[in-house]
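In what follows, a single structure is set out as structure tokens and then discussed.
The values are calculated or read from the model by the stated rules, or taken from the named source; none is laboratory data. It should be emphasised that the depicted structure is a prediction, and the values quoted were computed from it without experimental measurement. Cβ sites come from the backbone with ideal geometry, for glycine too, and all protein chains shown count toward neighbours. What goes into the accessible areas is simple: the full protein's heavy atoms, side chains included, and nothing from ligands, DNA or RNA. Shrake-Rupley method; radii C 1.70, N 1.55, O 1.52, S 1.80 Å.
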Amino acid sequence: MEKIVVVGAGYAGVLTAKKLEKKLKKKNDVEITIIDKNSYHTMLTELHEVAAGRVDEESIKMELSDIFANRKVNVILDEVVNVDFDKKVVNAKDHKFEYDYLVIATGSKPNFFGVQGHENAYQLWSYTDAIVLKDQILNCFRTAACTRDAVERKKLLTFSVVGSGFTGVEMAGELAEYKTELCRKFDIPQEEVTINILDICPRVLPNYPDKLVTKVEKRFTKMGITQIMGEAVCEIGEDYLKVGDKKIECNTTVWAAGIQGSDLVDNAQEIKHEGCGRLATNEYLQSVDNDSVYVVGDNVFYVPEGEESSVPQMVEHAEKSAGCAASNIIASINGGELTKYQPKFNGSMVCVGGRWGVASIGSKPDKMKSFSGFPAMFIKHFINFIYFIQVLGLHKWYSYAKHEFFTIRDKRSFVGGHFSNEKNAPTIFLVPLRIFLGFAWLASGIAKLPGILGDWTKVTAFPSKAARYGIEAVNSGGSDAAAAATGAAETASNAAGAADAAAAATGAAGDAAASGAVDAAAAATGDATGQVVDTTMSTFDSAAHWLGQTFEFKAGNASPTFKFFDGIMNWAYETFFWSGDTGFTTLAAVFQSGMVYAEIGVGLMFIFGFLTPIAAILSFVMMVAIYMSGWSYMAIFFYGFAGLACIFAGNAFGLDYYFLPWLDKKLRTWKFTKKWYLYFK
């Protein structure tokens, strides 16, 4: 039995264990164990959001039992004390674990650089740290609201963030946004609140391009953040900190100035160390002293070929090192060739509050692209979604979107509060629309049902082959539209002028545009007199010409369709639904019958408020399908877009109020749904 032990359930540890399990799950002679002192995986890059009250506490953690549900990974909650590398044993407080392959993924801890009184500072390096800091900020505002002593009130409302790297900048920016909400809540003038960011470096984000740093500094000034740069913090007290020879009175100091290796790495003296408590590895991410020990994430010290410095301690490196280490362990077990770690990093993103940020993106240091504002925030959230799909699938996508967009408070999102339900009307006001839409779909389906049971081609979205190509037109209204179109065609064939023929046959600008600029304008606008003031090509004529080139206009009450769509549907028609020998295919009959029964089913779902999210999606899909058929009516757009508006309307006076909570509980107990993360909470 090959035993693989992963110590640490951070970004690198979790991904390593998942990748190992995915490739080795069919091997019964392999055992994978992951050990961590916490029962959850923490999104360390989002801690500032909880600390400053932007998102709820549960949004930044993922339970290990959920991540590894129904997977061949043993999840052990214990604190590792040390490793006996000679005997290949991991010693924890309550257990001992033998291993054939060990993965060290214990991450880092804050580096205080010997600053006196650092224990008085608040940290931002764990889930617990974020909650403690959040409570401290709230308590400061609560107490200040009742404090009349000016000196004490100033201390309570002064917050200092030490460190101007990613964590420090994000925490300061987040706190500046939170200040606005708290001042309104506790009736405190904003000018009484002071937020400082301090660093020995001469500027914030020292590794970022000058133009982005300048933008961040301007943003800080706009947000009221004081920058104290180029001086070292030498002492931190309970209600003050010293910077050089200056003393700043404040009750809250947040330390975000540096990181170093974890305690376990510090104690692992049998293997070589480099840098600030990192472990030296070879090109395969094995310890240079022990090839059965792999190192990933922040614990790695490795200088890739052609580079001058070690790999950075960032999430992207954690992800890529996890893949490399897992691949090499699998190769060792299966007798394959090891892969060298030669990562190409794509940049980084920094938020300055929830509404604005900067990003430096690119595969080469000399070709990085700079972004700020909306694009930078979009990139950040997009990267997070990519990570979440690897760890907790669609469940975490839903959870992240809910916390970051749909329940966001005080418009603290890069899309503002437009997606948030914070101040939107209650769902109950959508109930009348939901029921009306249900009856509309139901009536449409029932009206077509006799035709389906008889001659289904009379109610089909598939007109006859002749009608499809302009000789005869059949829309969802049936024979009346066909008669109208046929009459129009006869009139057109007897007409003396090309423009009159086009107007009589289709009433559309598409055919009329081809007969000349003057006639095109008359046909497109429905001008009965046909009089034209200016015979030259005008802006209006150009618009008519564009309409004619872009849209396919139908007879009767059929809505115009894009010619691009019409070409696709003609291809589908010939490929799947029409046979030159037998006419309509069986698939055409099945599709049309299915559409009618779907209309009835969706109607009932909306009426009773049952699985309205599914009904809303089906409603929109049917709208698109009917429109692309080329023979829809304009009212079909109401069905689709009103359906989206009612996507959660079943939660008020509908069966979803009872069914969805029950379903959610069941989904989290079924093996299949737990394994593929097909549940919500």
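Taking all Cα pairs closer than 8 Å and separated by 6 or more residues, the relative contact order of the stretch 48-104 comes to 17 percent. A cut-off under 15 angstrom between Cβ atoms defines the neighbours of Gln136, and their net charge, with Lys, Arg +1 and Asp, Glu -1, is -3.
Between Glu574 and Ala443, what is the FRET efficiency for a Förster distance of 25 Å, r being their Cβ-Cβ separation, to the nearest 0.05? Taking R0 as 25 Å, the efficiency between Glu574 and Ala443 is 0.15. Near Val81, once Lys and Arg are set to +1 and Asp and Glu to -1 for all other residues with Cβ below 13 Å from its Cβ, the sum equals -3. Compute the separation of the alpha-carbon centres of the stretch 178-249 and the stretch 662-681 and state it in Å as a whole number. First find each Cα centre; the distance between them is then 45 Å.
Is there a pair in Lys37/Lys320; Lys154/Lys242; Lys22/Lys675; Lys37/Lys61 whose C-alpha atoms are over 22 Å apart, and which pairs would that be? Where the Cα-Cα span goes over 22 Å, the pairs concerned are Lys37/Lys320.
Straight-distance candidates among the aspartates and glutamates for linking to Lys211, with alpha-carbon spacing under 20 Å and chain neighbours fewer than 8 residues away dropped: Glu170, Asp199, Asp366. On the basis of the beta-carbon distance and an R0 of 56 Å, Asn91 and Asp455 show a calculated FRET efficiency of 0.10.
Note on the stretch 2-148: the C-alpha convex hull projects to 11.9 nm² when averaged across all orientations.
If the only charges are +1 at each Lys and Arg Cβ and -1 at each Asp and Glu Cβ, what is the size of the charge dipole of the stretch 43-127 around the Cα centre, to the nearest 20 debye? Please list the in-between numbers first.
Values: 9 positive and 15 negative charges, 52 e Å.
The calculation lands at about 240 debye.
Sequence-distant contacts, meaning Cα pairs under 8 Å at least 6 residues apart, place the relative contact order of the stretch 296-401 at 15 percent.
Note on Glu192 and Asn207: their simple-model spin labels are 4.1 nm apart, each label 7 Å out from Cα toward Cβ. A cut-off under 14 angstrom between Cβ atoms defines the neighbours of Ala92, and their net charge, with Lys, Arg +1 and Asp, Glu -1, is -4.
Given axes a ≥ b ≥ c from the Cα gyration tensor, I'd like to know whether the stretch 27-88 is rounded (a/c under 1.5), prolate (a/b larger than b/c) or oblate. Don't skip to the end; give the middle numbers.
Working: a/c = 3.75, a/b = 1.79, b/c = 2.09.
Because a/c hits 1.5 or more and a/b fails to exceed b/c, the stretch 27-88 counts as oblate.
Projected onto planes of every orientation and averaged, the convex hull of the alpha-carbon atoms in the stretch 63-218 covers 15.0 nm².
Any idea what the dipole of the stretch 237-310 comes to, in debye rounded to 20, about its Cα centre with Lys/Arg Cβ at +1 and Asp/Glu Cβ at -1? Here the stretch 237-310 has a charge dipole of around 320 debye. Report note on the peptides 318-327, 55-64: ranked by the mean count of other C-beta atoms within 10 Å, highest first, their order is 318-327, 55-64. For the stretch 560-676, the solvent-accessible area with a 1.4 angstrom probe is 52 square angstrom per residue.
On full extension of the chain, what length is gained from Phe591 through Glu217, given 0.36 nm per residue of separation minus the C-alpha to C-alpha distance?
Values: separation 374, 0.36 × 374 = 134.64 nm, distance 5.98 nm.
Extending this stretch completely gives an extra 128.7 nm.
Among rounded, prolate and oblate, which fits the stretch 345-418 when a ≥ b ≥ c are the square roots of the eigenvalues of its C-alpha gyration tensor, a/c under 1.5 means rounded, and a/b larger than b/c means prolate? Taking the square roots of the gyration eigenvalues as a ≥ b ≥ c, the stretch 345-418 is oblate. On a per residue basis, the stretch 157-310 carries 43 Å² of accessible surface, using protein heavy atoms and a 1.4 Å probe. Rg and Dmax of the stretch 199-354, based on Cα coordinates, read 20.1, 63 Å.
In the stretch 206-255, taking the dipole from charged Cβ atoms about the Cα centre, the farthest positive-side position among Thr214, Cys250, Cys234 is held by Thr214.
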